[in-house]
Amino acid sequence: MDLSREAAVLRETIHQARAERRTVRSEDLNVYLGEAYLVQEELGEGRELKGYKLGLLSPNKQAQMGIDSPIYGRVYSDMLLESPVSLGRFIQPRLEPELAVVLDSDVVPRMSPEQARAAVGRVLLGVDFLDSVWEGYRFDISDVVADNASGGGFLLGEEPLSAPFDGLLQLYLDGELLTEGPVEALGDIGERLSWLAREVSGLFEEVEGLEAGQTIFLGSPAAALAARPGTLEVRGPDDSILVAELKE
Ligand code: 0L1
Ligand code: MG
């Protein structure tokens, strides 16, 4: 499908800013949300899709952005990182503690939340390295969706977590607790997955929901925090811990 002139400008703006690793000011192009997702997809052309991320989970943040559901971005193979992580690869990185699921079987549109939940293989700790081309993270909803929901990179924990998935998700840097939030704020995993399967299929005819093997980052219940070098620890349910080194 051809993009409108405004959406094509948005795509080029993001493409250039990412290529030159610099920020840019939002221009109020008034691209509608569906087209912003098309821009997101076009900007990922040629990269290997490994899953999705959910963002803007909190109803307060959604209301500020004029939406009433989360957004999603795409997770490509080059975004799955390992320690040590060099922060120099990003433009203006921020960190969020998250949970992620790896799917054992497909989640097709119209599956019930219970069926979607049954498709979950492993639940893992994760870190979302947000990165945005938009100066100071000032954007409208279409800007941020087109820019892959500020998707920069991700870390995944190694040990699968056991239910119940409750308590806190906490992020420490050099031993200092910097941000945290309740796992409960992530919402029901089955509902999130069945929603996401419907959304990706509704917009892209060639996509039949979510596929076995894909990793879905479920979003964060904690405020994002500017990244800096140091020892990163994420602590979560079941005494789980993910440790990584962040370098300049
Ligand atoms: O992962 C997220 O929840 C962030 C989505 C985009 C909004 C932002 O960059 O803060
Ligand atoms: Mg996130």
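A short reminder: the numbers here are calculations on the coordinates, not readings from a lab. Fair warning: this is a prediction, and the values are worked out from it, not measured in the lab. Cβ: placed from backbone, ideal geometry, glycine included. Neighbour counts: every protein chain shown.
So here's what we get for this one:
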{"quantity": "Condition check for Tyr37: surrounded by 13 or more Cβ atoms within 10 Å (Cβ to Cβ), within 16 Å of ligand 2 (Cβ to nearest atom), aromatic (Phe, Trp, Tyr) and under 18 Å from Leu210 (Cα atoms)", "calculated": "no"}
{"quantity": "Residue in the stretch 222-230 that is under 16 Å from Val107 (Cα atoms), crowded, with 16+ Cβ neighbours inside 10 Å and touching a residue at least 40 places away in the same chain (Cβ under 8 Å) present", "calculated": "no"}
{"quantity": "Residue within the stretch 88-97 that is in contact with an Asp or Glu (Cβ under 8 Å, 6 or more places away or on another chain) and of a type in the set (Phe, Trp, Tyr) present", "calculated": "yes"}
{"quantity": "Search result, residues across the stretch 187-228 that are hydroxyl-bearing (Ser, Thr, Tyr) and under 14 Å from Gln115 (Cα atoms)", "calculated": "Ser194"}
{"quantity": "Residue, farthest from ligand 1 (Cβ to nearest atom), within the stretch 43-64, restricted to residues that are surrounded by 15 or more Cβ atoms within 10 Å (Cβ to Cβ) and part of a helix (DSSP H, G or I)", "calculated": "Leu43"}
{"quantity": "Of all residues making up the stretch 87-106, the number that are assigned to a strand (DSSP E or B) and over 18 Å from Asn148 (Cβ atoms)", "calculated": "5"}
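A quick yes/no check of all residues on (1) within 13 Å of ligand 1 (Cβ to nearest atom); (2) assigned to a loop (DSSP other than H, G, I, E, B); (3) over 23 Å from Ser86 (Cα atoms):
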residue: Glu158; (1), (2), (3): no, yes, no
residue: Ala163; (1), (2), (3): no, yes, yes
residue: Asp166; (1), (2), (3): no, yes, yes
residue: Gln170; (1), (2), (3): no, no, no
residue: Thr179; (1), (2), (3): yes, no, no
residue: Ser194; (1), (2), (3): no, no, yes
residue: Val207; (1), (2), (3): no, yes, yes
residue: Ser220; (1), (2), (3): yes, yes, no
residue: Arg228; (1), (2), (3): no, yes, no
